[in-house]
2 protein chains.
Amino acid sequence: MADPSAPSWPRTVTVLAGGIGGSRFIRGLLAALGPGGEVTVIGNTADDMRLYGLHISPDLDTVMYTLGGGIDEEQGWGRSDESFLALEEIRAYLSSSGKVGTLDTWFGLGDRDIGTHLTRTALLEAGATLSEVTEVLCRRWQPGVRLLPMTDDDVQTHIVIEDPAAPDGTRRMHFQEYWVRLHAEAPAAAVDIAGAAASRPAPGVLDAIATADLVVFPPSNPVVSIGAILAVPGIAEAVRATAAPVVGISPVISGAPVRGMADKLLPAVGVDTSAAGIGLHYGARSAGGLLDAFLVDSADADAVDRLTAAGLRCAAVPLWMSDVEATATIARHAVSLVDPAAPVSA
Amino acid sequence: MADPSAPSWPRTVTVLAGGIGGSRFIRGLLAALGPGGEVTVIGNTADDMRLYGLHISPDLDTVMYTLGGGIDEEQGWGRSDESFLALEEIRAYLSSSGKVGTLDTWFGLGDRDIGTHLTRTALLEAGATLSEVTEVLCRRWQPGVRLLPMTDDDVQTHIVIEDPAAPDGTRRMHFQEYWVRLHAEAPAAAVDIAGAAASRPAPGVLDAIATADLVVFPPSNPVVSIGAILAVPGIAEAVRATAAPVVGISPVISGAPVRGMADKLLPAVGVDTSAAGIGLHYGARSAGGLLDAFLVDSADADAVDRLTAAGLRCAAVPLWMSDVEATATIARHAVSLVDPAAPVSA
């Protein structure tokens, strides 16, 4: 059942994705590609954590739930039709016992969501890899993409903040604690993708980059989402080496993140919180960077010349992913920017 | 606030308890003792298991929920006002993926109950002992007793059944799988309290037996509940050595268990499923056994002579724990059977 409105190119697309922004973009990309498209998503797992004994993979779940129709649309993460009885019980224990170790309830763990974490944890404890577990979970959700974790190894993003009370003046914490518990309110002094150096790409990841018709960096967080994926040895090299064009979509509009709090983390890696800053951070493949093209919002049209001068094909179009059709249009713009049949200057 | 109806003796009572039968008895015992009573419960932990990464302590939870007012009264285990969304999700994953490893959903895990397991698992993973965790959980439930796990070590009851398809003709499984999944339908060929030999009593357990005014074996399963507790080295010896009288209450009426399926397991340890059989299995302390006295149901009055001849003080009274007051009466009968002020022959 061919969709006559779908482009004939690209057929296979590989996307490096974080959570909400990445998932919403992919939904539009799938709509743009139509039934002939085959999308592989390389998901960030550096946000994963163990909490109450559960193995939680926030970004993989957000992709899976969003594309599989199980997401809480309003919130952008977690399950629809959710309840929070287990969390309520944990709170009741904590309020009776006072502070107990590091146990806390800042992570919004719903009962249905717990069902996913229990299944994942049980399978991991039985010896399955995260890739295998993700495949099992996706059999149910049928997200319409092949979802691969970036790695089956343990990689965790740690954020370092200043803490005058600490012996060395800093405090290090898991990204989720910084993001969810502290609402990223303290400036991040450093971002450490801990464990990345020793990790290996999960099965299929490098092939998916090498054999795609197109590789996309969706509007995900450049530091802790796409940055974490690129920190797995071999992945950035595969992006640099692939025969496919690589296109990025700015996650920032007029200097503010479309979604999330990327502005809190970009300074920690020395990147200006602007479309131009992020495009230059990724850099042009022709100059040893990662991208062939970068799509910025119409409000950031003044960045186009600077990015073009740096070797990136660039266009400014509306980037608000207000609904699936608007997002599909963004995806079509991204594709046309690197369409082999299109002129070099967009 | 003294209760004039409460006996002046005993003040401190230590109970070796399994789940439902033990909990219900203790509720009556507390009512019988009144506010002056101090009850320590040594709970069976050999039913504990890890499931989906959670540490589940079914018997400790049943005691805690029953005495703390959180139990599902109808069912006798699990939480009141419970929902099962997480389990529903696990079922959905399994029905999409087919058989995945050993993952299964035979254990009825409610969402509120999961909150307890998550709290326990998190605290254990942070390095707390099961004793410490149990104390934290009880701060909330205020069960009115001091609840001690029999051990902080890993002890698991395994049931061996005949299985012609297996290489050696038998199959071994965790007690919960036998009890809950297989409904104890296959006869148990053997019961193994695995890990017991290397385990140590949890802090406070031996003291509670040694210093009590009275030690009670409530109508819990003699094999997998009280039997498992007694399998921890030192506990049976403490029962034999305590200065306190030790009284048991038959869990069987007219050859059928009051609750549960003890009849499935007694044959495996060579014990007749009858009040007399169980009383003789425990044995009289005067003859190297564990009990000074044993209370049987009125329907089993014909066992009294045989048990008395074996050295046990014995009486036959109605043992149906139909409500708290009826159970308090049973507890008073048990107390009077070994009351130091009472005549030797009941």
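The values are calculated or read from the model by the stated rules, or taken from the named source; none is laboratory data. Note that the structure is a prediction, hence the values are computed from the model and not measured. Because the Cβ atoms are built from the backbone with ideal geometry, glycine has one as well, and the counts that use them run over all protein chains shown. Please note that ligands, DNA and RNA were not included when accessible areas were found on the heavy atoms of the full protein model with its side chains. Shrake-Rupley method; radii C 1.70, N 1.55, O 1.52, S 1.80 Å.
Can you tell me which of B:SER254, B:SER274 is of a type outside the set (A, V, I, L, M, F, W, C), at pLDDT below 95 and within 20 Å of the chain's Cα centre (by Cα)? Give the steps one after another, and end with the answer.
Working: B:SER254 fails: within 20 Å of the chain's Cα centre (by Cα).
On inspection, the qualifying residue turns out to be B:SER274.
How many residues, within the stretch A:211-224, are more than 15 Å from A:LEU291 (Cα to Cα), open to solvent by 10 Å² or more (accessible area, probe 1.4 Å) and within 9 Å of the chain's Cα centre (by Cα)?
Adding up the residues that qualify gives 1.
Please work out which one of (1) in the same structural domain as B:LEU266 (by TED's automatic domain parsing); (2) part of a strand (DSSP E or B) is the condition B:ALA243 fails and give its number.
With respect to (1) in the same structural domain as B:LEU266 (by TED's automatic domain parsing); (2) part of a strand (DSSP E or B), B:ALA243 is out only on (2).
In the stretch B:148-183, how many are more than 22 Å from B:PHE107 (Cβ to Cβ) and surrounded by fewer than 17 Cβ atoms within 10 Å (Cβ to Cβ)?
Here the count works out to 8.
Which condition does A:PHE294 not pass, out of (1) in a strand (DSSP E or B); (2) of a type in the set (A, V, I, L, M, F, W, C); (3) at pLDDT below 95, if it passes all the others?
It fails just one condition, (3).
How many residues, within the stretch A:102-133, are free of Cβ contacts under 8 Å to residues at least 40 places away in the same chain, more than 7 Å from chain B (Cβ to nearest Cβ) and open to solvent by less than 10 Å² (accessible area, probe 1.4 Å)?
The total comes to 2.
Could you tell me which numbered condition B:ARG50 fails, if it satisfies all but one of (1) within 26 Å of B:ALA202 (Cα to Cα); (2) touching a residue at least 12 places away in the same chain (Cβ under 8 Å); (3) surrounded by fewer than 22 Cβ atoms within 10 Å (Cβ to Cβ)?
(2)
Against the conditions (1) of a type outside the set (D, E, K, R); (2) free of Cβ contacts under 8 Å to residues at least 24 places away in the same chain; (3) assigned to a loop (DSSP other than H, G, I, E, B), where does A:GLY311 fall short? Just the number, please.
Of the numbered conditions (1) of a type outside the set (D, E, K, R); (2) free of Cβ contacts under 8 Å to residues at least 24 places away in the same chain; (3) assigned to a loop (DSSP other than H, G, I, E, B), the odd one out for A:GLY311 is (2).
Looking at this structure, is B:PRO245 open to solvent by less than 30 Å² (accessible area, probe 1.4 Å), in contact with a strand residue (DSSP E or B) (Cβ under 9 Å, 6 or more places away or on another chain) and either in contact (Cβ under 8 Å) with a residue 60 or more places away in the chain or within 25 Å of B:ALA331 (Cβ to Cβ) (or both)? Write out each step before concluding.
Working: open to solvent by less than 30 Å² (accessible area, probe 1.4 Å): yes; in contact with a strand residue (DSSP E or B) (Cβ under 9 Å, 6 or more places away or on another chain): yes; either in contact (Cβ under 8 Å) with a residue 60 or more places away in the chain or within 25 Å of B:ALA331 (Cβ to Cβ) (or both): yes.
Considered against the rule, which asks whether it is open to solvent by less than 30 Å² (accessible area, probe 1.4 Å), in contact with a strand residue (DSSP E or B) (Cβ under 9 Å, 6 or more places away or on another chain) and either in contact (Cβ under 8 Å) with a residue 60 or more places away in the chain or within 25 Å of B:ALA331 (Cβ to Cβ) (or both), B:PRO245 comes out as yes.
Name the pairs: first residue in the stretch B:200-217 and within 25 Å of B:ALA128 (Cβ to Cβ) and hydrophobic (A, V, I, L, M, F, W, C), second residue open to solvent by 30 Å² or more (accessible area, probe 1.4 Å) and assigned to a strand (DSSP E or B), Cβ to Cβ under 8 Å, at least 6 apart or on different chains?
B:ALA208/B:ARG146
Residues being open to solvent by less than 30 Å² (accessible area, probe 1.4 Å), on the phi < 0 side of the Ramachandran plot and out of contact with any strand residue (DSSP E or B) (no Cβ under 9 Å at 6 or more places or on another chain): count how many of those fall in the stretch A:62-82.
So the count comes out to 2.
Could you check the stretch A:1-114 for helices (runs of 4 or more DSSP H) lying wholly inside it with 3 or more residues that are among the β-branched types (Val, Ile, Thr) and within 19 Å of the chain's Cα centre (by Cα)?
Counting at least 3 such residues, we get A:58-68.
Against the conditions (1) open to solvent by less than 20 Å² (accessible area, probe 1.4 Å); (2) of a type in the set (Asp, Glu); (3) more than 7 Å from chain B (Cβ to nearest Cβ), where does A:GLU89 fall short? Just the number, please.
(3)
As an exercise: evaluate B:ASP305 against (1) within 25 Å of B:VAL13 (Cα to Cα); (2) open to solvent by 60 Å² or more (accessible area, probe 1.4 Å) and give the number of the one condition it does not meet.
For B:ASP305, the exception is condition (1).
Only one of (1) out of contact with any helix residue (DSSP H, G or I) (no Cβ under 6 Å at 6 or more places or on another chain); (2) touching a residue at least 24 places away in the same chain (Cβ under 8 Å); (3) open to solvent by 20 Å² or more (accessible area, probe 1.4 Å) fails for A:ASP263. Which number is that?
(2)
Can you name the condition, by its number, that B:ARG140 falls short on among (1) under 17 Å from the mean Cα position of the chain (by Cα); (2) closer than 30 Å to A:ARG112 by Cα?
(1)
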